[in-house]
Amino acid sequence: MDKIEKIYNKCLTRQTDSNDTINPSMILTYKRSPFNLWCDLYAAKEDRDPPSESYKILAEIGNIEEKKFISENYPEMEIIPIQTQEEGFLYTLKGCFEGSLTFSQSPLIYLPEMILGIPDLLIKETTHKSVFGDYHYTIKEKKTVKQIKEEHILQAALNNYIIGKIQNYTPEKFFLINRINEETEYFFSEYETKLANTLREIKEIINGKKVTPTKSQLSEPWKSFGLKKLKESGDISLIYGIGAEKKQLLLEKGIATILDLEKSDINLLKIKGIGEKTLNIYKLQAKALLENKKIILDKPVFQKAKNEIFLDLEGTFDVPITYLESMGIKSNTNEEWTNTVYLIGAIIKEKNSSSKQQFFASTLKEEKKIVNNFYNYLKTKDDFIIYYYGNYEKSTMKKLLEKYKLDDFITPKMVEVSQILRNSVVFPTHSYSLKEIGKELGFNWSDPNLDGFSSIAYYLRFLKNKKGEDKKKLEKYNEEDCLALEKIKSYLEEIQQEKKEVKLTSFIKE
């Protein structure tokens, strides 16, 4: 038996398609949402959400960027031809014994511990011996994110651990490269314990541990299924503001459902990490949900202005130039990544009249044009207030004005409606998103499945094909967001104008 066969047999003690193997993708899923990992293992396929176009784009971007980075930085690299995991692993072992400098997509398998991985890069180093000879191999991973997070580090740490088991030497360091090609080294010893704990927790789920969803962690492809399960159980995380950490604190006090919280005595409930004021708000939220009624906290206050402008911006996430080029789209920058505000929309109310203004970028280069057009339009208004819903509009507008060197007479006149709403009313909803609050007040979108994230796919498709129906769909979506915002503000004004005094604020203790 030669060396290759000996190591191969040591590492493959059973079939790699076994359901109880762990790979780096499972670590990423688990760290973001343990429930998603449970669903991947046990939920029915028909309960999965279909993949959105925007998520497909993100996957394509990842593949394109990885190939670009490898071809530019490691031209000598050997790409592992994979028919099966086992064949790819055998090919990797042969290359390692031959001393190949670099591998890409090389399967690593160590089934005595039921772990496997496919690192982006396997790099030859001569600083330490291994079973392969007077050299060993280290791990490098390329990510399309700007900020490397713990889940990315643990993914690479697992690959580092596996190559260590295979070559009888665990490298002291492994490396991650972010989307702007900044390379950072990580010491395995600093993550070894955290990796072991994460693998143990994943094995518990593989072995049958039940995992309940948490609303703040719901994501594709199990978002709809998870929300259904939460509503069936009345899970405590359906209350706005209760994420995974606060849910765990409440569970430790025996509060698992909305009903549990509504029945609890806040005066006796002392929870480190959740203040009394916050607990009171949660209790009111529970009451609103159980009774399906809005609860007024305080009267909102709005300033008067001749022109009321209801603003909504549409923009893309960061997109690499390589992806745009692959679609035949010309970029607006020399930078490797770009994001663009492509639609500035507003409903303008003046006295008893109402009008619509929309500024649409038909190419990526037209962002400056639409910003200037909107800027010049506002210059014609001598007295105005701009209402917007979340924090995206104000922060983005500020960046745009700085980018194009325009005086900022705009952001000081911008008012965030969602903040006023949360301070004034407890809604019987699971979030305070524009869509959920708008629906609660009777506003209906013509396409309920279209949102800010999915609209990006329509815009990129428009840039490629220039189809008028895609532009119209985006403009309609933008207009309806502005109209929903106007409806929410009108509702708050009704509360402001009521003569009845509001006394619930005395219940919310500081």
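The values are calculated or read from the model by the stated rules, or taken from the named source; none is laboratory data. A quick note: this is a predicted structure, and the numbers were derived from the prediction, not measured. Cβ atoms come from the backbone with ideal geometry, glycine included; neighbour counts cover every protein chain shown.
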Quick check: anything in segment 192-199 assigned by TED's automatic domain parsing to the domain that holds Asn36, more than 16 Å from Met26 (Cα to Cα) and not in a loop (DSSP other than H, G, I, E, B)?
-> yes
If we ask which residues in segment 118-130 are within 30 Å of Ile202 (Cα to Cα) and at pLDDT 95 or above, their number turns out to be 1
Filtered residues of segment 235-277 (kept if of a type in the set (Ser, Thr, Tyr), under 18 Å from Ser216 (Cβ atoms) and not in a helix (DSSP H, G or I)) | Tyr240, Thr257
If you go through segment 88-100, how many residues are out of contact with any Ser or Thr (no Cβ under 9 Å at 6 or more places or on another chain) and either within 21 Å of Leu158 (Cα to Cα) or buried (at least 20 other Cβ atoms within 10 Å of the Cβ) (or both)?
-> 2
Got a sec? Which of Ser224, Ser233, Ser216 is surrounded by fewer than 21 Cβ atoms within 10 Å (Cβ to Cβ) and touching a strand residue (DSSP E or B) at 6+ places or on another chain (Cβ under 8 Å)?
-> Ser233
Top-ranked residue in segment 169-204 [being in contact (Cβ under 8 Å) with a residue 60 or more places away in the chain and of a type in the set (D, E, K, R); ranked as surrounded by the most Cβ atoms within 10 Å (Cβ to Cβ)] = Arg179
Taking segment 300-316 as the search range and keeping residues that are over 34 Å from the mean Cα position of the chain (by Cα) and touching a residue at least 24 places away in the same chain (Cβ under 8 Å), which one is farthest from Lys394 (Cα to Cα)?
-> Lys306
Filtered residues of segment 396-424 (kept if closer than 30 Å to Tyr491 by Cβ, assigned to a loop (DSSP other than H, G, I, E, B) and hydroxyl-bearing (Ser, Thr, Tyr)) | none
Exclusive hit being part of a helix (DSSP H, G or I), in contact with a Gly (Cβ under 9 Å, 6 or more places away or on another chain) and either outside the structural domain of Ile115 (by TED's automatic domain parsing) or among the polar types (S, T, N, Q) (or both), set Asn36, Asn63 | Asn36
Could you please tell me which pairs satisfy a Cβ distance under 7 Å, a separation of 6+ or placement on different chains, a first residue in segment 205-225 that is within 15 Å of Lys31 (Cβ to Cβ), and a second residue that is among the hydroxyl-bearing types (Ser, Thr, Tyr) and surrounded by 17 or more Cβ atoms within 10 Å (Cβ to Cβ)?
-> Thr214/Ser237; Ser216/Ser237; Gln217/Ser33; Ser219/Ser33
Contacts under 9 angstrom Cβ, first residue in segment 355-370 being touching a residue at least 60 places away in the same chain (Cβ under 8 Å), partner of a type in the set (Ser, Thr, Tyr) and exposed (fewer than 15 other Cβ atoms within 10 Å of the Cβ), 6 or more apart = Leu364/Thr333
Failed criterion for Val211 (all others in (1) outside the structural domain of Asp40 (by TED's automatic domain parsing); (2) over 24 Å from Asn19 (Cα atoms); (3) within 28 Å of the chain's Cα centre (by Cα) hold) = (2)
